[in-house]
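Everything on this sheet refers to the single structure shown next.
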Amino acid sequence: MNLLITNDDGIHATGINELAECLAAKHNVYVVAPDIEKSATSAAITLQYPLRIKEHKPYKMTNVKKYYHVNGTPADCVKIALKVVFTGENQPDMVISGINHGPNIGIDVRYSGTVAAAFEGAFAGFPAIAVSSAIPFNEPGHVPKFSAAVNFIRDNIEKLHEKCIALKNKCVLNINAPSADYEQIKGTRITRLNSSKYRDFYKEIFDPVDRTHYWLTCEKIQADVDDFTDDIAVKNGFVSITPLKYDQTDYEALAEFKTL
């Protein structure tokens with residue numbers, strides 16, 4: 001297959017490079033990613049300045065067909081890749097966004113550049129998945145591991161492609177794997193989004209000339225403990241797959257408003 005791989009952590013991120021190298025052993029892999037980290041940019045696209053797409057030269061030999069970096073957002077990367085990198089009949093069979101450095105679960109998907117890039121592929125009519133390694137942010141000593149996510153995609157990419165086709169490319173498969181060795185994974189769970197939320201805090205800080213700035217931090221408020229939500233499934237050692245629709249219409253509300 002021809003695979004377009006992107007992310008929101010940037011072209012130098014470990015996750016995207018491990019995934020690209022693994023899949024390039026069997027597939028035609030094209031990497032188009034932001035030139036710097038663009039986490040939490042959601043579906044933003046660049047309108048106020050021109051984009052540049054440049055070829056990236058990895059530090060080591062690679063089987064990847066092409067590496068490019070873009071001075072834009074993850075959504076920009078997919079949009080420009082589909083119009084500039086892929087031309088004519090040379091189209092991707094699948095768009096893969098990731099592997100993200102950290103989970104994209106529950107409300108996180110609203111802010112995630114990783115998930116938004118996958119949606120950009122789906123908008124264009126291509127099978128699309130978002131992949132994240134659930135590296136815990138509150139465990140400073142944890143060594144990030146991408147083995148579970150990388151090998152799960154390697155072993156299941158054909159099945160995931162077929163499932164996207166069967167769903168008529170009207171959704172994105174949001175995949176979260178534990179930050180662990182592949183052998184430690186207990187299996188796969190088809191999940192819904194966890195309804196946990198965050199309590200936001202802004203820390204007041206001062207620069208050298210005493211100007212006030214605010215730095216966002218947050219505390220997670222756990223809601224669901226259901227094994228078939230993405231958060232709990234991953235915590236219990238499973239790979240979570242959550243189908244996400246891009247039609248955000250609330251059809252129940254739509255029926256109500258017809259009577260207004």
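The numbers here are math on the coordinates, done by the rules we state, and not lab data. What you are looking at is a predicted structure, and each value in this text was computed from that prediction instead of being measured. Ideal geometry is used to build each Cβ from the backbone, glycine not excepted, and the neighbour counts take in all protein chains shown.
Would you grab the residues whose amide H sits under 5 Å from the one on T191? Only those 5+ places off in sequence or on another chain, please, with H modelled 1.01 Å from N.
I241, T242
For the range 210-260, rounded, prolate or oblate, judged on the Cα gyration tensor with a ≥ b ≥ c (square roots of eigenvalues), a/c < 1.5 rounded, else prolate if a/b > b/c? Working shown, then result.
On the way: a/c = 2.74, a/b = 1.20, b/c = 2.28.
Oblate, because a/c is 1.5 or more while a/b does not exceed b/c.
Take the Cα of H142, step 7 Å along the line toward its Cβ, and report every residue of the range 197-211 whose backbone nitrogen sits under 19 Å from that point.
197-199
If you find the alpha carbon centre of the range 85-162 and of the range 179-203, how far apart are they in angstrom?
14 Å
State whether the chain is rounded, prolate or oblate according to the following rule on the C-alpha gyration tensor (a ≥ b ≥ c being the square roots of its eigenvalues): a/c under 1.5 gives rounded; otherwise a/b larger than b/c gives prolate, and the remaining case gives oblate. Please list the in-between numbers first.
Numbers: a/c = 1.22, a/b = 1.11, b/c = 1.10.
Rounded, because the longest to shortest axis ratio a/c is under 1.5.
Would you compute, for the Cα atoms of the range 1-151, the largest minus smallest coordinate along each principal axis and list the three values in descending order, in whole Å?
Each principal axis gives a Cα extent; for the range 1-151 these are 46, 36, 27 Å.
In what sequence, highest mean first, do 81-94, 210-223, 8-21 appear when ranked by Cβ atoms within 10 angstrom?
Ranking, from highest mean packing down: 8-21, 81-94, 210-223.
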